Amino acid sequence: MTNISSIRDRVKAVIVKNLELPILPAGIGDNTALFAPGLVGGLELDSLAAIEIVVGLSREFRINLDEIPKESFLNVSSLADYIAKKLETAATDDPTEPK
């Protein structure tokens, strides 16, 4: 069982670090829109930022994230939910784990 709160915190840290944002990870709300304009409370990220996020998350969680659905990039919560599912799938598919 994965701790979704911990995953959200790690996602926020990756976003701040990889994009060199001038904010603390705690400054990003779980439901803050990642690609919406700042005027509506979003982070105003672009497609290049999405690539940087994917690379950072792949390294952070040690999983392959090459095909993240667009809807998983809505906010931190949707990204964390997607990663939690990937981690659970990876754990059940791990041939080194005893069955």
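Just so it is clear, none of the values below were taken in a lab; they were calculated from the coordinates. Remember, it's a predicted structure, so these values are computed and weren't measured experimentally. Here Cβ is always computed from backbone atoms with ideal geometry, including for glycine, and neighbour counts include all displayed protein chains.
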Report, to the nearest 10°, how far helix 47-61 tilts away from the longest principal axis of the Cα atoms in the chain, using its own Cα long axis and a range of 0 to 90°.
-> 40 degrees
Once Cα extents along the principal axes in Å is worked out from the coordinates, which option in (i) 52, 33, 14; (ii) 33, 26, 22; (iii) 51, 23, 22 does it equal?
-> (iii)
Multiply the residue gap between I23 and A90 by 0.36 nm, knock off their C-alpha separation, and tell me the result in nm, one decimal place.
-> 20.9 nm
Under the helix-only model (-39500 (n - 2.57) for each DSSP H run of 4 or more, divided by the residues of the chain), the mean residue ellipticity at 222 nm, to 500 deg cm²/dmol, is -16500 deg cm²/dmol
Mind checking which of V11, I51, P37 is farthest towards the positive end of the chain's charge dipole, using Cβ charges of +1 (Lys, Arg) and -1 (Asp, Glu) about the Cα centre?
-> V11
What number comes out for the charge environment of D81, summing +1 per Lys or Arg and -1 per Asp or Glu over other residues with Cβ under 13 Å away?
-> 0
With each pseudo-label sitting 7 Å past Cα toward Cβ, what's the S58-E71 distance in nm, one decimal?
-> 2.4 nm
Calculate how steeply helix 76-93 sits against the longest principal axis of the alpha-carbon atoms of the chain, using the helix alpha-carbon long axis, and give the answer as 0 to 90 degrees to the nearest 10.
-> 10 degrees
Does anyone have the angle between helix 4-19 and the longest principal axis of the chain? Alpha-carbon axes, 0 to 90°, nearest 10?
-> 50 degrees
